[in-house]
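Contents: one structure, followed by commentary.
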Protein chains: 4
Amino acid sequence: MIEKYSIRTDLALEQKERFESDNVEVQGVVLEEDYDEEREIKVTTVKIETENGAKTMGKPVGTYITMEAPNMAVPDEDYHQEISNELAKFLERFIKSDKEEYSVLVVGLGNRKVTPDALGPYVVDNLNITRHIIREYGRYAMGEDAVNLISAIVPGVMGQTGMETVEIIKGIVKETKPDIIIAIDALAARSSRRLNRTIQIADTGINPGSGVGNHRNAITKETVGVPVIAIGVPTVVDAATIVNDTMENLIAALESSETLRGVGVVMQGYNAAEKYELVKELISPHLNGLFVTPKDIDETVKRISFTISEALNLLFSKGHAHIKENSVI
Amino acid sequence: MIEKYSIRTDLALEQKERFESDNVEVQGVVLEEDYDEEREIKVTTVKIETENGAKTMGKPVGTYITMEAPNMAVPDEDYHQEISNELAKFLERFIKSDKEEYSVLVVGLGNRKVTPDALGPYVVDNLNITRHIIREYGRYAMGEDAVNLISAIVPGVMGQTGMETVEIIKGIVKETKPDIIIAIDALAARSSRRLNRTIQIADTGINPGSGVGNHRNAITKETVGVPVIAIGVPTVVDAATIVNDTMENLIAALESSETLRGVGVVMQGYNAAEKYELVKELISPHLNGLFVTPKDIDETVKRISFTISEALNLLFSKGHAHIKENSVI
Amino acid sequence: MIEKYSIRTDLALEQKERFESDNVEVQGVVLEEDYDEEREIKVTTVKIETENGAKTMGKPVGTYITMEAPNMAVPDEDYHQEISNELAKFLERFIKSDKEEYSVLVVGLGNRKVTPDALGPYVVDNLNITRHIIREYGRYAMGEDAVNLISAIVPGVMGQTGMETVEIIKGIVKETKPDIIIAIDALAARSSRRLNRTIQIADTGINPGSGVGNHRNAITKETVGVPVIAIGVPTVVDAATIVNDTMENLIAALESSETLRGVGVVMQGYNAAEKYELVKELISPHLNGLFVTPKDIDETVKRISFTISEALNLLFSKGHAHIKENSVI
Amino acid sequence: MIEKYSIRTDLALEQKERFESDNVEVQGVVLEEDYDEEREIKVTTVKIETENGAKTMGKPVGTYITMEAPNMAVPDEDYHQEISNELAKFLERFIKSDKEEYSVLVVGLGNRKVTPDALGPYVVDNLNITRHIIREYGRYAMGEDAVNLISAIVPGVMGQTGMETVEIIKGIVKETKPDIIIAIDALAARSSRRLNRTIQIADTGINPGSGVGNHRNAITKETVGVPVIAIGVPTVVDAATIVNDTMENLIAALESSETLRGVGVVMQGYNAAEKYELVKELISPHLNGLFVTPKDIDETVKRISFTISEALNLLFSKGHAHIKENSVI
């Protein structure tokens, strides 16, 4: 249970896994898994159904869909088109609008100038923006392929704006009255293996930190007034997470090592609290504010952001009926 | 008067010059000039004092200060510091806040991805942003050098956002309640000689197009609810302007040419309306949407944007008392 | 013939058109035209076959293929794939390598920081670079789809490097010994209607200025030692060109105008030299160093650069046999 | 000695510290320290004087000067000017040219698109480039302030070019014949506390990996033919380094912990090789290719790159005589 104190993950899936690894059953949380063998895409749906489940998970009530595709980091254009297609399909489930035509504000969160944080801004760069055209010339100006009103903003981060992002979004929502927000953000994962290979979609909006309760800086239906769908890709791991994992591995190794069997015997004599005390001393304060990311992050962020913007362009165009075809899951 | 139909300038100074060249006196508009010989900085103040003057000028009532400095395009750091200092001084006159501490929203208008239009975004890149720090840790966190709350936004252009910029700004103002807005924008000049050598400051906000009346897309006290100071630098000339100027020159030359004296005689027989008809036919529709800009625009926009952000940083820091010293004008 | 003195075009096609409009037949230059109605792609091949032809045209002996596609500026992905395919096909004709596998150095000319000049750098950003992988792991590492050794450089412009680009390229060629160079550059057109709608491919390399003779700053087989294929897209028009065109139109109008018939009669009395003298006086020296470009240049340069990099990726992958299929021309 | 197997540092200073922490005296390596209390700048000079020393240190024979200034990460402009001044002074010692005027090629190493790796490219962005002007107009064109011929290149990284950087540099050197190269690169430190607070200058060039011997990919006098001065700033720590450090801390804690005394006793019974075996198992293969960097890396890289380019501009201008004045160390 050491990790409770120091580990951060933005993936509901990883949060659930932690409880599983501790053999703890979480009340009010339902897990579904689906695997598309041919395309090697694993889809996990975590539903947090009760406030109790939310409290345990440290994430608000809602549905979290995670697509894991090991080849997402590979530059195969056809494969990325399939992922775009799947993603569009999942997003459509969340939107379930009874309006035939709706108005969407896409928010590209993050700092364009820090490579692994630029995912949101890059997605916005490649979107088909239509709101101003439709308002000026009417829906028929777009042809029948695009009748939804798409607007987008890259608000910047607090160090650049001096404002909470939610202040900016709330203001824009009041003025432009979109039906729904889709917010794209770079996430922190617990496992470096998930970096740039995973997309999480959630109907819960963006919840900083522990993420439960009506945090004033959250970007959610409660704070901005319209539903917020979040799309996230883990591009970094907190430095403290990697260090913590290693220490756990070391302690586990000490407990089971042939070579160091004697140590293991002693370690087993100590309880979790004592182990935690030991680890806490060792986590360097210099790790705060540090993150871990891959060396080829420029290429992978560029590629995945393009995959997401293609999914959104597909979703928003009228022709999204055909998204469902060819769909396996 | 040909130019009335086709010429665009965002500089009040150039608008005034047009009437002067036509020997037309404009009622309700006052002009003051000042020249700092040593530093070769010419400062012109155009005050539009009546609605009639505004109508004639095609610009709202207010004060427009223009600094012209031929060396502004030259990479001389000391010289740029002097310009920053002058600029800070002029801005201070406009702010005249009775509050000792005030809250400013700086808006970097324009498209970061089109070099001559990137001025506003570049200025914001180099600002000292303080609002979030002061709100979190109090004014004393900043030392005594900076007690104003500075926030900033780069909203993007309509093609990127699908929204009118004023919608975005209005929303943010409602949420964050600044005392004043300073909006930075790249301008169109009439004369290519003024490109990147001129800074205009106005207390009238941003007024697209003809700029009179409460245009719904203007960013002014009327539309956003707080005073808006505009800082602009001409970085482009409309293609139609350059063509028009040449045609006027040609017609003038025909009228006075020794070689083509015969033509001149004939031309003099035609009135302005007939000449205008001639010119209108010749302005290619392909010139719409085209602009003219210098080849070294990357260097000059970078340099001038830095000069402006330094002026703002100087102005916003508590130490702005000393701006006035060493000041010539 | 006024234009001879002031007009610049980097398109062989436009140079040829000038002589045609003057009803001058150019010896040693052959023109072929092809029109693909369905896709609205016009392909013009200008072959300069003799040194005399080269001297008249102001461009070196060689073959210049121009693809004009009005919809190239439109964001239609399928259409851009067809253009990529056509472009790959034309490039393949030029390469005609007897080697089954060859080594290519792609050079992205221009200034990344001036939007209309960023075409070359942007093309390089999206290329599949393979030389280092093949040299490290052998050809089989790439699968059978890519066996050519592709390298690339974005040298920057002289103001950034202090070096002639040919110095940089010559040095790199000596060290890395490619079989061929493909150089991508933004061009100046004479007609604003061709901006961002035209691609020129030439087997003559890059020839600055008048472009004939072994100019020391040219990037050609003579100066760098290996064949150089040039791919160019006109993204700007010189400011002087637009002004000149307007003046010609005005003079032509004066000569034929009903309203100003009297002027026309007089004008017809003057010869070309007298008219040129008139025009020369009027071309402002302030136009030097100014260029004209469209307001949406960020979007069009991004889109066309992507189309060209896709063409190159298609060409360089082993699967380029299939480029020829589906090909109309 | 666990760290020998897994730790990477590009700082000679940190390499030396490792031996000191192990109480190992390194033959042929001399250390000098200097501390400027007022400005809190610590300057350490490591001289590797013998091949034996080089072998032990894993770095070539030469002089490595390290400036450590904790406030380097703080946005204080005056302080940065002092660091620029100091840096210029140290660089001047290395250049010791007997020519009154020399020609310098500045090389901005690294990947512009990965924020912590963009240091070199950013430095080049702000340099005063003069070679092309002096060659065109003579030395007097520059005024007396700049008579050295400065050229610069941002070669890109191997994944972008398909070429070893040394191939590119070697070729350019042969064509343009500079007297000296100054290469700027982002480094990996061992300690996260040194990130963005340290500048290392070395007269040994750039030596990838272990760095001893004439590695074919090194950028040194041996490989490119002219002296190479390297300027580096640590902006990242390898992920494996941080993990390793933590494990060492944990093992040390186990050996001394009051709580876990029993474990310590057992651990002390194992030798370094056994401990190493344990650690090796635990270092995740997923850590390869991952680096650690601070969240505000965009601001710090921008600021420090500007400090370095100012130092170079100062050094290269004729007025560098005055660098020495006001100098404390």
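Bear in mind that the values in this text are calculations on the coordinates, not laboratory data. Predicted, not measured: the structure shown is a model, and the values here were computed from it. Please note: Cβ atoms are built from the backbone with ideal geometry, for glycine as well, and neighbour counts cover all protein chains shown.
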*Specify the inter-centroid distance of region A:1-77 and region A:99-162, based on alpha-carbon positions, in whole Å.*
28 Å
*Arrange the peptides B:309-315, C:240-246, C:77-83 so that the one whose residues have, on average, the most other Cβ atoms within 10 Å appears first.*
C:240-246, B:309-315, C:77-83
*asked:* Per-residue Cβ counts within 10 Å, from other chains only, averaged over B:114-120: what number is that?
replied: 4
*Distance violations [Cα-Cα > 24 Å] among C:Lys16/C:Lys174; C:Lys99/D:Lys177; A:Lys221/B:Lys174*: C:Lys16/C:Lys174; C:Lys99/D:Lys177
_Taking each residue in D:301-313, count the Cβ atoms of any other chain within 10 Å of its Cβ, then average. What number comes out?_
1
*Taking each label point as 7 Å beyond Cα in the direction of the beta carbon, state the distances from D:Glu248 to the same residue in the other copies, shortest first, in nm.*
2.5, 7.5, 7.5
*Using a cut-off of 13 Å between beta-carbons, work out the net charge of the residues near B:Pro121 (Lys and Arg +1, Asp and Glu -1, B:Pro121 not included).*
+1
*asked:* Using a label point 7 Å beyond Cα on the Cα-Cβ vector, give me the inter-copy distances for D:Arg93 in nanometres, one decimal, shortest first.
replied: 5.2, 6.5, 6.6
_Under 5 Å, built H, 5+ apart or other chain: amide partners of B:Leu149_ = B:Tyr102, B:Ser103, B:Val104
*Viscosity 1.306 mPa s, temperature 10 °C: Stokes-Einstein D of region A:111-220 from its Kirkwood Cα radius, in µm² per second?*
99 µm²/s
_Partner chain coverage, peptide D:63-70 - average Cβ within 10 angstrom_ = 0
*What's the local net charge at A:Ile153, with K and R +1, D and E -1, over the other residues with C-beta under 13 Å away?*
-2
*Among residues other than A:Pro208 whose Cβ falls under 12 Å from its Cβ, what is the net charge (Lys/Arg +1, Asp/Glu -1)?*
0
*If a/c stays under 1.5 just call it rounded; otherwise compare a/b with b/c (prolate if a/b is bigger, oblate if not). Do that for region B:12-113, with a ≥ b ≥ c from the square roots of the Cα gyration tensor eigenvalues.*
oblate
*List, in order, the whole-Hz ³J(HN,Hα) value for each residue of region C:310-317 obtained from phi through the Karplus relation with A = 6.51, B = -1.76, C = 1.60 and θ = phi - 60°; use x for Gly and Pro.*
5, 4, 5, 4, 5, 4, 7, 6
*Using θ = phi - 60° and the Karplus relation 6.51 cos²θ - 1.76 cosθ + 1.60, list the HN-Hα couplings for region C:154-162 in order, rounded to whole Hz, with x at every Gly or Pro.*
10, x, x, 9, 4, x, 8, 10, x
*Once phi is turned into ³J(HN,Hα) by the Karplus curve 6.51 cos²θ - 1.76 cosθ + 1.60 with θ = phi - 60°, what whole-Hz value does each residue of region B:75-82 show in order, with x for glycine and proline?*
x, 10, 5, 4, 4, 5, 5, 5
